[in-house]
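Contents: one structure, followed by commentary.
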């Protein structure tokens, strides 16, 4: 059985709020979330922004992410894998 969910999360409550503060025009689409088994989740996230270097720097500096890895790029759209932290 498959469950699909479409949801909107306020910018201030999203795990990547710091990245969105640095790159406000960025958009994110969570492709899949993988439970790592040690209490963390590792999402696959499509990101879009006009400046890929600025976005990449912001994602890596964001205190809500660890182990940020660019997996693929297609034009102005990038697929990242990262761990979300418990940063509040």
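The values are calculated or read from the model by the stated rules, or taken from the named source; none is laboratory data. Worth saying up front: this structure is predicted, and the values here are computed from it rather than measured. Cβ: placed from backbone, ideal geometry, glycine included. Neighbour counts: every protein chain shown.
Applying the set (1) modelled with pLDDT of 75 or more; (2) in a strand (DSSP E or B); (3) surrounded by 15 or more Cβ atoms within 10 Å (Cβ to Cβ) to residue 42 leaves exactly one unmet item: (1). Considering only residues in segment 16-39 that are part of a loop (DSSP other than H, G, I, E, B) and modelled with pLDDT of 80 or more, the one that is surrounded by the fewest Cβ atoms within 10 Å (Cβ to Cβ) turns out to be 24.
The residue of segment 45-56 that is surrounded by the most Cβ atoms within 10 Å (Cβ to Cβ), among those that are in contact with a helix residue (DSSP H, G or I) (Cβ under 8 Å, 6 or more places away or on another chain) and in a helix (DSSP H, G or I), is 55.
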